[in-house]
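Working notes, beginning with the structure itself.
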Amino acid sequence: MAHSTAQKILWQLLSAPDSWISGNDLAKRFNISRESVWKAINGLRKSGNNIESRRNLGYRFTGNSRLSADIIDFYTHNHFTNRLYVEDQVSSTQSVAKAFLSHHLVSAPTVFIADYQIAGYGRQGRSFYSPAATGLYFSMILPSPTDKPLQAGLMTTTFAVLIGEVLKQFFPAQDFRYKWVNDIYLNHKKVGGILTEAVVDLESRTTTSLVVGIGLNITTKEFPLDLKDKATGIAPADRNLLVSRLIETIANNYSDYDNPQYLEQYRQGSMILGQKVDLLVNGEAIAGIAKKIENDGALTIRLADGKTKTFNSGEVVKVNFEK
């Protein structure tokens, strides 16, 4: 695939983020005129790229607060070229990914990222608040790991750990915790949600693909009233770099999702073990104390009468914390 002049110049600037590169050097390197360099730089600025220019020094890239496929391509070493879609606004990345899957054969991880979701959703179709510019919302189509039957209960716990590990690299001072089964919390407030959906081939009854959707509040400060006490943002970050690391980490590791070390990390990071929880199961509330996360990802709780009962991830909608 031929790359545009602007793309090549952007990648050149990205490869030396703190250095100045002169217009002459760029013109020579790409065998174009100084005027073409200037035009390309102007075009890049219009796409939200902050590029400083200084006389006698040249140009320097200082960031882009918008999500940019070109920048994500650079950070992921072009591993997702032609399999990366970045939109300003969608209904939900999960819906877009599933629609794509109904018209395309997907044989490698394919990513859909949006700056804003009008109708983001989570488990049981509950809406996920997805305002523009302050969060990260993306879905990945992942070809099903074919050599073994799928253990759905371990899929989401492993995705939570993979995402948590990347978040710890970016925000080392923050203590991220996992709320069974699909939420990531910080200081007892939700900062992220994960939704894993399997796409099944009706004829062979096998899972052909997984569609995993991830929503993270990065710098979101203003929440609707019903979420104000339940959700929070994390801290400012380079969203292009963060989403690049997340999609790389998931793509490189998801086929090993049933490795027991992920479940061990999930248990260590769980915020519910030993806590009182309310589960909503088929519309019925069940209260108890979270005792154990089983080897298949299911949750065992001790009920008020002292008996224990195990729930698999498909049955549980919600865990409510007592303050």
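Every read-out reported here was derived from the displayed coordinates using simple, explicitly stated rules and does not represent laboratory data. Because the structure is predicted, anything quoted here is derived from the model rather than measured. When we count neighbours, we look across all protein chains shown, and the Cβ atoms used for this are built from the backbone with ideal geometry, even at glycine.
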remark   = For residue 206, the residues 5 or more places away or on another chain with a placed amide H closer than 5 Å to its own amide H are 201
key: Set of the range 228-272 residues, backbone N closer than 19 Å to the point 7 Å along the Cα-Cβ line of residue 188   = 228-234, 269-272
ask   = Which pairs, out of 8/190; 148/276; 39/98; 148/292; 148/189, put more than 31 Å between their alpha-carbon atoms?
value = 8/190; 148/276; 39/98; 148/189
Whether the range 5-64 is rounded, prolate or oblate, judged on the alpha carbon gyration tensor where a/c under 1.5 counts as rounded = rounded
query = Which of these, 283, 164, 135, has the largest mean-square fluctuation under a Gaussian network model of the chain (Cα springs below 10 Å)?
reply = 283
query = Of 18, 238, 70, how do they rank once you tally other Cβ atoms within 10 Å and put the fewest first?
reply = 18, 238, 70
inquiry  = For a test of the definition: using alpha carbon positions, the gyration tensor, and the 1.5 limit on a/c, classify the range 242-298 as rounded, prolate or oblate.
reply    = prolate
note = Fewest-first ordering of 54, 205, 60, 45 by Cβ atoms within 10 Å yields 205, 54, 45, 60
query = Using the 10 angstrom Cβ neighbour count as an exposure proxy, how do 4, 204 rank, fewest first?
reply = 204, 4
note = A student applying the Cα gyration tensor rule (rounded when a/c is under 1.5; otherwise prolate if a/b is larger than b/c, oblate if not) would label the range 186-309 oblate
task = Take every Cα pair under 8 Å in the chain that's 6+ residues apart, average their separations, divide by the length, and report that relative contact order as a whole percent.
result = 14
request  = Scan around residue 86 for amide H atoms under 5 Å from its own, H built in the peptide plane at 1.01 Å from N, and keep only partners 5 or more places away or cross-chain.
outcome  = 113
key: Relative contact order (%) - the range 248-307, alpha-carbon pairs under 8 angstrom, separation at least six   = 22
